[in-house]
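Readers should treat all values here as calculations from the given coordinates under stated rules, not as data from a laboratory. Remember, it's a predicted structure, so these values are computed and weren't measured experimentally. Note: ideal-geometry Cβ built from the backbone for every residue, glycine included; neighbour counts use all protein chains shown.
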Amino acid sequence: MTTHAVTDRTERSEGREGTAEATQSMRTPAALADAERWTAHNYHPLPVVIAEAEGAWVTDVDGRRYLDFLSGYSALNFGHSHPGLIAAAHAQLDKLTLTSRAFVHDQFAEFCQSLAQLCGKDMVLPMNTGAEAVETAIKVSRAWGYRVKGVAAERANIVVAENNFHGRTTTIISFSTDPDARNDFGPYTPGFTIVPYGDLDAIAAAIDENTVMVLLEPIQGEAGVLVPPAGYLAGVRALCDQHNVLFAADEIQSGLGRTGRTFAIEHEGVVPDMYLLGKALGGGIVPVSAVAANRDILGVLRPGEHGSTFGGNPLACAVGAEVVRLLRTGEFQKRSAELGERLHAGLNKLIGHGVVAVRGRGLWAGVDIDPALMTGRQVSERLMARGVLAKDTHGSTVRLAPPLVVTEEDLDHALAQLEAVLTEGA
């Protein structure tokens, strides 16, 4: 695969030199200070101010170049400024960007049909953010429970997993076990049962006559790229079939090529009742999310019961349809699978040398750093100083998720920088 991510070797060498102190020269300190002053502190970003990007590389306001090994939490699966996606956006910007759902526009049907077919489903309900897709699935499953399954009013229950990350709305944080997301934001929405992730017996025990949905991430991303035990997702599918319960797969981070398959749940040959999609669906250009399901599920919604002014807008549909076209070739899924083997082989060599454990699939990995050596934040900061951007989670874990257009050379370079950081910290 020839990608637009390939960069001149001299430029890359220059971008790899220097230290954190050298990075924060010229415009960077002032830009960081302005961001600190004028924005709410709901994030703790690394001290880098990005101005331009292409492929797997970004450039800061002072001209320093970095390999992006976070990819916007998988929103940039196809890299920065992918030419096909940019062209689709540009073409649509010149014609029509918004109608609201009060009218139908000429990009809507193509996007919905192509995405539904990619998922093997009858229908699509487009929204904007991943959290909106999750909220949509919650409402749809409850309506289905009352109108189809026959659950008594106000009794619908949804089973979820500990350490989940489905978003940060007030309803979603009601079933979060992350204190940072949950604490001080109550009162909380009822109707959820939380069970340990990967524990099939716990799900079986939690399901009752009022259960309408089991909602899971096929791989838990924010928790540290946690892969469930073999057979778990297939077991959940069987339990849902047995008890007439919907199975929703939150593929917002794990889907659309990230793990070497179109959807992470495919690794177990499982088909959920609902796919929850987002992030990469917008190509890193616009926020696009969707729920894909069959007519007997999404068809329970009636006009006026759910919607979004911007959901399914012309610009989003034009970009989203191009994303689907890219995935139809299978090229990105294959690339993720092949380069993923290279990534995990390199990471596994670091176990016992500053790394405690490695998890993940495809071009997605959670790397547990020996806490006696340094924190995940410290690793991320030292990687940044070496020209590689990654992000920590839960103290000692670093998440790696390069764009699927990353080259073998860039992958090897990032692994070498991680090894150097761990060696220096020993």
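Between 0 and 90 degrees, the angle of helix 28-38 with respect to the longest Cα principal axis of the chain falls at about 30 degrees.
The length gained on full extension between A420 and I50, counted as 0.36 nm times the residue separation minus their Cα-Cα distance, comes to 130.8 nm. Most fluctuating residue of G191, G224, G72 in a GNM of the chain with Cα springs under 10 Å: which is it? Looking only at G191, G224, G72, the biggest GNM fluctuation is shown by G191. Ordering L383, L70, T259 by the projection of their Cα atoms onto the charge dipole of the chain, which places +1 on the Cβ of Lys and Arg and -1 on the Cβ of Asp and Glu, puts T259 at the extreme positive end. Distance between the 7 Å Cα→Cβ label points at R101 and D199: 3.7 nm. Using the Cβ-Cβ distance between A234 and T39 with R0 set to 30 Å, the FRET efficiency works out to roughly 0.10. Taking the C-alpha atoms only, the angle from helix 408-425 to the longest principal axis of the chain is near 70 degrees.
Cα centroids of the range 324-358 and the range 111-125: 28 Å apart.
Taking Lys and Arg as +1 and Asp and Glu as -1, the other residues whose beta-carbon sits under 13 Å from that of A321 total -1. Build a GNM of the chain with springs between Cα atoms under 10 Å apart, and of P287, P83, P187 the one that fluctuates most is P187. A cut-off under 15 angstrom between Cβ atoms defines the neighbours of G304, and their net charge, with Lys, Arg +1 and Asp, Glu -1, is +2.
Derived from the Cα gyration tensor, the three semi-axes of the equivalent ellipsoid of the range 274-426 are 37, 17, 14 Å, largest first. Less than 5 angstrom separates the built amide H of T397 from those of I369, G376, all sequence-distant by 5 or more or on a different chain.
For M127, the amide hydrogen comes within under 5 Å of the amide hydrogens of S289, A290, V291, G312, counting only partners 5 or more places away or on other chains and with H modelled in the peptide plane. Rounded, prolate or oblate: which fits the range 251-292 when a ≥ b ≥ c are the square roots of the eigenvalues of the alpha-carbon gyration tensor, with rounded for a/c under 1.5 and prolate only if a/b beats b/c? Since a/c reaches 1.5 but b/c is at least a/b, the shape of the range 251-292 is classed as oblate. Note on the range 83-328: Kirkwood radius taken over Cα pairs, Stokes-Einstein applied at 4 °C and 1.567 mPa s, translational D equal to 71 µm² s⁻¹.
In deg cm²/dmol, rounded to 500, what helix-only [θ] at 222 nm does the chain give when every DSSP H run of at least 4 residues adds -39500 (n - 2.57) and the total is split over its residues? That comes out to -10500 deg cm²/dmol.
Here the 3J(HN,Hα) profile of the range 147-152, calculated from phi with Karplus coefficients 6.51, -1.76 and 1.60 at θ = phi - 60°, is 8, 10, 6, x, 5, 5 Hz, Gly and Pro shown as x.
What ratio of Cα Rg to 2.2 N^0.38 Å holds for the range 63-218?
Dividing the Cα Rg of the range 63-218 by 2.2 N^0.38 Å gives 1.30.
Helix 376-385 and the longest principal axis of the Cα set of the chain meet at an angle near 50°. With both labels modelled 7 Å from their Cα along Cα-to-Cβ, the E305 to V61 distance reads 4.9 nm.
If you plug the beta carbon distance of M26 and D184 into 1/(1 + (r/R0)^6) with R0 = 35 Å, you get a FRET efficiency near 0.35. When only alpha carbons are used to place a centre, the range 392-417 and the range 52-82 end up 12 Å from one another.
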